[in-house]
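In what follows, a single structure is set out as structure tokens and then discussed.
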Amino acid sequence: MAKPKRRYACQACGAVATRWQGQCADCGEWNTLVEEAPQTVFSSKHDLSSGGRPIVFTPLDAPGELPVRRASGLAEFDRALGGGLVPGSAILMGGDPGIGKSTLLLQVSAHIASSGGTAVYVSGEEAAGQVRLRAERLGLSKAPILMASATSVRDILTTLGNMDTPSLLVIDSIQTMHSDQIEGAPGTVSQVRGCAFELIRYAKENGVTLILVGHVTKDGNIAGPRVLEHMVDVVMSFEGERSHQYRILRSLKNRFGPVDEIGVFAMEGAGLAEVGNPSMLFLSGREEPMAGSAVFPAMEGTRPVLIEIQALIVRLQSGATPRRAVVGWDNGRMAMLLAVLEARCGLNFSSAEVYLNVAGGYRLSDPAADLAVAAALVSALGDKPLSSNAVWFGEVSLAGEIRPVAHSAIRQRESAKLGFAKAFGPSSAAEQDPGGEGGKGLAFTGLGMLPNLVDRILSDA
């Protein structure tokens with residue numbers, strides 16, 4: 001038999017090396033390589049083409065009932081999932097510490113248990129008494145949740161095999177689970193991969209909805225091997241700032257629904273409350289128009305959300321190097337937009353510090369925000385407040401052209417619903433909706449080039 005080869009796995013990214021080294025060559029982290037148990041090297045004469053049991057193939061149109069989604073009791077949670085919990089699915093949820101992952105899943109478990117299903121909540125990080133304290137604070141102490149504090153996957157699966165199959169199984173968290181068949185401490189790559197595989201196999205074979213809570217790295221990515229995200233059906237991210245009240249549940253991968261839907265929650269004393277109209281949350285406090293403030297109708301899946309974009313321009317007299325600070329938007333995209341404003345519109349930002357902020361701690365990735373950001377920058381530069389009842393949307397090209405964006409009619413409809421009277425966007429948006437049906441009562445003005453925007457803002461008194 002050949003001598004087993006040594007393998008060293010990175011605990012941050014899962015990369016494998018044949019020798020130990022101080023820094024991982026893939027992710028650049030230091031002192032993360034840990035030796036794994038040696039694996040048996042099979043020779044080429046081991047043939048797997050025979051000796052196994054035959055499998056049964058099923059056609060797509062085979063008769064039988066399809067899995068029926070189950071409501072979680074939180075409409076925003078179901079929206080992010082694509083319509084509810086799918087039996088036999090595996091969901092991985094990540095988020096910063098203290099963001100509210102355990103609180104959200106405890107509320108979901110309480111609703112499932114109270115509506116006739118069986119919910120099992122296994123905590124590997126907290127004692128049973130600590131979970132009961134949280135449940136009492138949330139007013140869920142009477143919910144018939146089956147709760148346990150355990151970390152052994154063998155004990156968990158043995159217990160589940162001796163009872164009726166539950167509807168929901170929550171593991172909080174997968175990094176605390178361990179298997180006695182795998183060497184290594186809990187949280188290592190081999191342990192996380194092996195424990196997740198056993199739990200997912202149990203969920204698939206028994207039609208149980210499995211939710212795994214995952215830790216995140218300092219960059220906000222889910223910790224552990226990347227293969228963990230491939231193994232599950234849904235990957236969700238629970239985002240938000242601790243200093244802000246709101247939380248956003250975003251789907252990063254979803255085999256059963258869209259990945260661009262979000263659920264919005266507000267952290268309150270009694271737990272996470274659903275926010276049915278998130279636009280009012282991000283637009284609060286806009287009583288008087290101020291220079292450098294523009295409203296942008298963003299699209300999150302099929303839901304329009306109105307966001308306030310704030311800009312501040314500070315002129316420097318000393319000749320020092322100006323700063324560029326962005327919160328909630330792409331730093332490189334703002335640098336590109338500043339270059340377009342200087343090259344195509346003749347504005348001078350080189351001797352000024354530029355600060356850009358998306359109100360409420362919201363994070364924008366929609367390219368249609370270019371026009372709203374440009375409007376806020378021009379308004380701040382000229383100290384000219386924008387109209388308080390206007391919204392701005394459109395993508396800006398390097399030539400200064402305002403290009404069309406998707407869902408312009410939906411953006412206008414939501415803006416009109418919230419009381420806005422004006423909308424500025426690409427000229428093609430008016431051509432696509434000549435009758436103005438997108439937003440009834442909303443006056444739309446099409447802009448073809450970025451200089452048209454600058455002239456309109458700076459010429460208004």
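Restricting Pro186, Pro166, Pro144 to those that are open to solvent by 20 Å² or more (accessible area, probe 1.4 Å) and more than 18 Å from Cys10 (Cα to Cα) reduces the list to Pro144. Residue pairs whose Cβ atoms lie under 6 Å apart, separated by 6 or more positions or on different chains, with the first residue in segment 256-281 and without any contact (Cβ under 8 Å) to a residue 12 or more places away in the chain and surrounded by 14 or more Cβ atoms within 10 Å (Cβ to Cβ) and the second in a loop (DSSP other than H, G, I, E, B) and not polar (S, T, N, Q), do not occur.
Within segment 34-51, does at least one residue satisfy the condition of being modelled with pLDDT of 80 or more, surrounded by 13 or more Cβ atoms within 10 Å (Cβ to Cβ) and on the phi > 0 side of the Ramachandran plot? Among the residues of segment 34-51, not one is modelled with pLDDT of 80 or more, surrounded by 13 or more Cβ atoms within 10 Å (Cβ to Cβ) and on the phi > 0 side of the Ramachandran plot, which makes the answer no.
Screening Ala409 against (1) more than 22 Å from Leu341 (Cβ to Cβ); (2) aliphatic (A, V, I, L, M); (3) touching a strand residue (DSSP E or B) at 6+ places or on another chain (Cβ under 9 Å) leaves a single unmet condition, (3).
Of the residues making up segment 365-398, those that are within 16 Å of Ser427 (Cα to Cα) and either part of a loop (DSSP other than H, G, I, E, B) or open to solvent by 30 Å² or more (accessible area, probe 1.4 Å) (or both) number 4.
Which residues, taken from segment 73-94, are in contact with a Ser or Thr (Cβ under 9 Å, 6 or more places away or on another chain) and part of a loop (DSSP other than H, G, I, E, B)? Selection gives Gly73, Gly82, Gly84, Val86, Pro87, Gly88, Ser89. Could you tell me whether any residue of segment 341-364 is of a type in the set (A, V, I, L, M, F, W, C), open to solvent by 30 Å² or more (accessible area, probe 1.4 Å) and within 25 Å of the chain's Cα centre (by Cα)? The answer is no, given that none of the residues of segment 341-364 is of a type in the set (A, V, I, L, M, F, W, C), open to solvent by 30 Å² or more (accessible area, probe 1.4 Å) and within 25 Å of the chain's Cα centre (by Cα).
Cβ-Cβ distances below 6 Å connect the following pairs, each with a first residue in segment 336-348 that is in contact (Cβ under 8 Å) with a residue 24 or more places away in the chain, a second residue that is open to solvent by 30 Å² or more (accessible area, probe 1.4 Å) and part of a helix (DSSP H, G or I), and a separation of six or more residues or different chains: Cys345/Pro451. Applying the set (1) surrounded by fewer than 20 Cβ atoms within 10 Å (Cβ to Cβ); (2) assigned to a helix (DSSP H, G or I); (3) within 20 Å of the chain's Cα centre (by Cα) to Pro97 leaves exactly one unmet item: (2). Restricted to segment 154-260, the set of strands (runs of 3 or more DSSP E) holding at least 3 residues that are more than 23 Å from Arg363 (Cα to Cα) and in contact with a strand residue (DSSP E or B) (Cβ under 7 Å, 6 or more places away or on another chain) comprises 168-172, 209-214. Every listed requirement among (1) in contact with a Lys or Arg (Cβ under 9 Å, 6 or more places away or on another chain); (2) more than 27 Å from Gln412 (Cα to Cα) is met by Ala223 save one, (1).
Total residues in segment 176-201 satisfying the condition of being of a type in the set (D, E, K, R) and farther than 19 Å from Thr32 by Cα: the figure is 3.
For beta carbons closer than 9 Å, sequence separation of 6+ or different chains, a first residue in segment 136-162 that is without any contact (Cβ under 8 Å) to a residue 24 or more places away in the chain and a second that is among the aromatic types (Phe, Trp, Tyr) and open to solvent by less than 40 Å² (accessible area, probe 1.4 Å), the qualifying pairs are Gly161/Tyr202. Looking for something crowded, with 16+ Cβ neighbours inside 10 Å and more than 27 Å from Arg70 (Cβ to Cβ) - is there at least one such residue anywhere in segment 225-235? Yes, segment 225-235 contains at least one residue that is crowded, with 16+ Cβ neighbours inside 10 Å and more than 27 Å from Arg70 (Cβ to Cβ).
The values are calculated or read from the model by the stated rules, or taken from the named source; none is laboratory data. In this text the structure is predicted, and so the values were computed from the model without any measurement. Because the Cβ atoms are built from the backbone with ideal geometry, glycine has one as well, and the counts that use them run over all protein chains shown. With ligands, DNA and RNA removed, areas are computed over all heavy atoms of the protein, side chains included. Shrake-Rupley method; radii C 1.70, N 1.55, O 1.52, S 1.80 Å.
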